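Shown next, in structure tokens, is the structure this report addresses.
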Amino acid sequence: MNSKKDAILEQRYGKQYTPDSIQWNNTIESILSHRSIRNFLSDSLPLGTIETMVAAAQSASVSGNLQQWSVIAVTDKLLKEKLAKISRKAEGAEGNYYIEQAPVLLLWVADLSRNNILAKESGAEAEIHNYLDSFLMSSIDTALAAQNAALVAESLGLGIVYIGAMRNQAEEIAKLMELPPYSYVTFGMVVGKPDPAFAAQIRPRISQDLVLHFNKYHKMDTSLVEAYEDDFKSFRIQSGMKEKTWLETISIGANSLAYMGGRENLRSALLKQGFGLK
Ligand SMILES: Cc1cc2nc3c(=O)[nH]c(=O)nc-3n(C[C@H](O)[C@H](O)[C@H](O)COP(=O)(O)O)c2cc1C
């Protein structure tokens, strides 16, 4: 019996989940304890933190060992303010304030530019880079790298939150960061010491029975979604969030163009950045 394990699994899956077969060690405990942090102290990161995170990022598996990503560590206060402003959906809105609080914002860049230059220098057209798969490959590898870095930060007692809103105004960010052709900011990641005055809870997930399929894809059991609503509701109440069901969240995410906050223009921004997306 491991009471910490039980407590973490209960927060992750709610009361209905029986976690008997889940294995446990320090790495698993750290990964399963993840929660996004949205309140940071302004303290600098301990020396070597960024470099350790990048070593972890570079240790992730990577498509064809092509190494098609980069990361920009933004530590400049004014630049962080600008980026926070750009990430907001509307002028004057207050979202993503944590970008300004924390000491570092990492911009994770899907980056074909390095290889594009190197391939063209050897006299070829680098035609493959004009295909959707190259874009996807670099985006996938960027995400795998970033998540490794996130796990390292969390293992060091730091907190992170991803910022997909960095794609809201992709063209402006590309200009501001002087991104070369064939690169774009896939997402940001705020990194810092969590402010202990705001204890973030583990956010529950849907049942494994909805996401884990053995041998073929099984039809969804909607009663499991209904069961999740209770855990979703308790989490929102405990975290002081306004009332909303998971189904409402899904519906907004699937139907509201306002939810996209500018990301509906991503394709044209990517084309301007030189991606072919064929
Ligand atoms: C690619 C990506 C982009 C995200 N973008 C944002 C964002 O712009 N702002 C934000 O507050 N959280 C963002 N998040 C955090 C998610 O909202 C969060 O991971 C999710 O609600 C689950 O909560 P948890 O991370 O605490 O488990 C993002 C997460 C991912 C993976």
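Might you let me know whether region 126-138 holds any residue that is in contact with a Leu (Cβ under 7 Å, 6 or more places away or on another chain), within 12 Å of the ligand (Cβ to nearest atom), within 25 Å of residue 271 (Cβ to Cβ) and of a type outside the set (A, V, I, L, M)? Within region 126-138 (the criterion being in contact with a Leu (Cβ under 7 Å, 6 or more places away or on another chain), within 12 Å of the ligand (Cβ to nearest atom), within 25 Å of residue 271 (Cβ to Cβ) and of a type outside the set (A, V, I, L, M)), the answer is no, since none of the residues qualifies.
Residue pairs whose Cβ atoms lie under 9 Å apart, sitting 6 or more positions apart in sequence or on different chains, and linking a residue in region 187-205 that is free of Cβ contacts under 8 Å to residues at least 60 places away in the same chain to a partner that is near the ligand (Cβ under 9 Å from one of its atoms) and of a type in the set (A, V, I, L, M, F, W, C), do not occur here.
Of all the residues in region 3-32, those that are basic (Lys, Arg) and under 12 Å from residue 231 (Cβ atoms) number 2. Here the helices (runs of 4 or more DSSP H) wholly within region 29-135 that include at least 2 residues being closer than 30 Å to residue 276 by Cβ and under 20 Å from the mean Cα position of the chain (by Cα) are 49-58, 77-87.
Considering each residue of region 73-88 in turn, at least one proves to be surrounded by fewer than 18 Cβ atoms within 10 Å (Cβ to Cβ), within 24 Å of residue 158 (Cβ to Cβ) and of a type in the set (Ser, Thr, Tyr).
Answer yes if at least one residue in region 162-178 is in a loop (DSSP other than H, G, I, E, B) and either under 13 Å from the mean Cα position of the chain (by Cα) or among the basic types (Lys, Arg) (or both), and no otherwise. No. The criterion of being within 14 Å of the ligand (Cβ to nearest atom), in contact with a Ser or Thr (Cβ under 9 Å, 6 or more places away or on another chain), aliphatic (A, V, I, L, M) and at negative phi holds for residue 200.
Taken over region 202-219, the criterion of being surrounded by 12 or more Cβ atoms within 10 Å (Cβ to Cβ) and either hydroxyl-bearing (Ser, Thr, Tyr) or in a loop (DSSP other than H, G, I, E, B) (or both) is satisfied by 202, 203, 204, 205, 206, 207.
Within region 28-52, if we keep just the residues that are small (Gly, Ala, Ser) and in contact (Cβ under 8 Å) with a residue 60 or more places away in the chain, the residue that is farthest from the ligand (Cβ to nearest atom) turns out to be 42. Is there a residue in region 74-93 that is over 21 Å from residue 178 (Cβ atoms) and either away from the ligand (no atom under 15 Å from the Cβ) or in contact with a helix residue (DSSP H, G or I) (Cβ under 6 Å, 6 or more places away or on another chain) (or both)? Checked region 74-93: at least one residue is over 21 Å from residue 178 (Cβ atoms) and either away from the ligand (no atom under 15 Å from the Cβ) or in contact with a helix residue (DSSP H, G or I) (Cβ under 6 Å, 6 or more places away or on another chain) (or both).
The residues of region 55-71 that are within 18 Å of residue 191 (Cβ to Cβ) and surrounded by fewer than 18 Cβ atoms within 10 Å (Cβ to Cβ), listed by number, are 55, 58, 59, 60. Among the residues of region 142-168, the ones that are of a type in the set (S, T, N, Q), surrounded by fewer than 22 Cβ atoms within 10 Å (Cβ to Cβ) and more than 9 Å from the ligand (Cβ to nearest atom) come to 2 in all.
A short reminder: the numbers here are calculations on the coordinates, not readings from a lab. Note that this is a predicted model, so its numbers are computed, not measured. When we count neighbours, we look across all protein chains shown, and the Cβ atoms used for this are built from the backbone with ideal geometry, even at glycine.
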